[in-house]
1. Out of segment 393-424, which residues are aromatic (F, W, Y) and modelled with pLDDT of 85 or more?
2. Just for helices (runs of 4 or more DSSP H) wholly inside segment 19-110: which have at least 3 residues that are open to solvent by less than 20 Å² (accessible area, probe 1.4 Å) and over 20 Å from V376 (Cβ atoms)?
3. Test each condition in (1) open to solvent by less than 30 Å² (accessible area, probe 1.4 Å); (2) over 23 Å from F226 (Cα atoms); (3) modelled with pLDDT of 85 or more for T385 and report the one that comes out false.
4. Exactly one condition in (1) over 15 Å from the mean Cα position of the chain (by Cα); (2) at pLDDT below 90; (3) of a type in the set (A, V, I, L, M, F, W, C) is not met by A204; state its number.
5. Quick one: what pairs do we get from segment 152-170, first residue closer than 13 Å to A252 by Cβ, second among the β-branched types (V, I, T) and in a helix (DSSP H, G or I), C-beta under 6 Å, 6+ apart or different chains?
6. For R390, indicate whether it is modelled with pLDDT under 90, open to solvent by 70 Å² or more (accessible area, probe 1.4 Å) and not hydrophobic (A, V, I, L, M, F, W, C).
7. Tell me, which residue of segment 111-135 that is buried (at least 21 other Cβ atoms within 10 Å of the Cβ) and not β-branched (V, I, T) is nearest to A308 (Cα to Cα)?
8. What number of residues within segment 218-266 satisfy the criterion of being open to solvent by 50 Å² or more (accessible area, probe 1.4 Å) and acidic (D, E)?
Amino acid sequence: MSTRNEHSWSLSFGPGLVFALSVIGPGDLVSNTVVGATFGYALIWGLLLTILFRYTWLNTSAKYVLATGESLLAGFARLGKGLVWILLACVVLIRHFSNLYKFVLMGSTAHLLLPLPMERSATIWSLLLVFAGFGLMFWGGYRTIERYFKFLVALMGGTLVAATVLSHPKPLEILHGALIPSIPGARGLYSSALVLTSLVGMEAGSLTNVSYSYFMHQKGWRNLSFLRHQRSDLFLSVCCLFLMGALLQITAAGTLHPLGISPEGPEQLVQVFTRTLGVAGKIIFGFGLLATAFAGYVGTTTGYALIATDICRNLLPRFGLGALAARGGNELKRDPVYRGWILFWCFSPLYVLLLPAKPVWLVLGASALMVLLIPVLALALMCLTNDAKRMGQFRNGWFSNTVLILLIAVAVYLTCKNVLEWGSRLSRGFQ
């Protein structure tokens, strides 16, 4: 009986959990902590809104892949190959620049938790973790990563529950903040409208959303017979995303909000919670930050490698589809194109460890580029999934279209805001 239950669990879940840990990055930790520290429990409902956006996006894209039997990138190519080439360029740049910051963050956090008795301890930790992640992706492949991520989700969830209990939460106020929407006034540097908009942009839509359908493909879910499994898997995924975000907000509301403390960066999280929760805070949030950075490095690099491999195999004649089809099986871990992208994204950013100053502006630029892609990809997804001829009874309904339109509107607002902010910075730089 136990073997049957384990097989059922393995069949029904996996891609969503890998995706969940891939997208929970240091920015998510900071944004949710800032929300709780600034507004207490009042904006937990906003996290539910972001989960609705993300669930709709992912479920719509998964439905397209299962109904048509082709990848999401192949669908985008139907709208114009130019869109796919732009996407490939953004995939290459965003993954490279994002890994710059993750490499530094992994090393500095590991050094904080367990300093090595030697010079450049943080750099050595960075190299060890980069090579460990490389081994998981290059030789282990998706199935190994899925097994590892299931364990990591449980471990991270347990540590966040422990932190929440230590913060002495107030259940009635939590329920009020989750079920009764309210817009509190501006407090400190942050207005509630700005925080909500940033939270939606951070949590709901990013280029990484495309990777979920590729994790499904690696799992072997390739037609409508897996639709029930996919929906259960995605529901569990967004529940994990909501739970982790909510626990962060609740912990920050119970510990930082009364003191008026609001961290401005991921590195400050461990210091702040060490002051408020003692050694337990250092261990819980030090480990949480390290696990988040490592899982994001492995998960997103794998997802982006699958996306880039699909583009190369479908759009570049010299690579073709023959070599890929001949391999058979559900994984691409032995595909030379996939392995080439893994090698590039694991080792090309290592120069950042030699720089005296860290190129934070590159990370900011990559984030801005990611936000810029949201309305383009969401609009393309709407075009594909409203095609009655190809989707049949699985075409979008009014609810999915409405949610995607709202997400596009928020993304356009964020794009304009980023353009104005960067324009202001450039103008000040020339003065």
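The values are calculated or read from the model by the stated rules, or taken from the named source; none is laboratory data. Since we're looking at a predicted model, the values are computed, not measured. In this analysis, Cβ positions are derived from the backbone assuming ideal geometry, glycine residues included, and neighbour counts consider all displayed protein chains. Calculation scope for accessible area: heavy atoms of the full protein, side chains included, ligands and nucleic acids excluded. Shrake-Rupley method; radii C 1.70, N 1.55, O 1.52, S 1.80 Å.
1. First pass over segment 393-424, keeping only residues aromatic (F, W, Y): 394, 398-399, 413, 422.
Across segment 393-424, the qualifying residues are F394, W398, F399.
2. Working: elements: 26-39, 44-68, 72-78.
Of the helices (runs of 4 or more DSSP H) lying wholly inside segment 19-110, those with at least 3 residues that are open to solvent by less than 20 Å² (accessible area, probe 1.4 Å) and over 20 Å from V376 (Cβ atoms) span 26-39, 44-68.
3. Failed condition: (2).
4. (1)
5. A163/T251; A163/I284; T164/I250; T164/T251; S167/T251; S167/T255; P169/I250
6. Details: modelled with pLDDT under 90: no; open to solvent by 70 Å² or more (accessible area, probe 1.4 Å): yes; not hydrophobic (A, V, I, L, M, F, W, C): yes.
No; evaluated as a whole, the condition is false for this residue.
7. Here is the first cut: in segment 111-135, the residues buried (at least 21 other Cβ atoms within 10 Å of the Cβ) are 125-126, 129-130, 133.
Of the ones still in play, those that are also not β-branched (V, I, T) are 125-126, 129, 133.
Working: W125: 29, S126: 25, L129: 23, G133: 19 Å.
Among those residues, the one meeting the criterion is G133.
8. The qualifying residues number 1.
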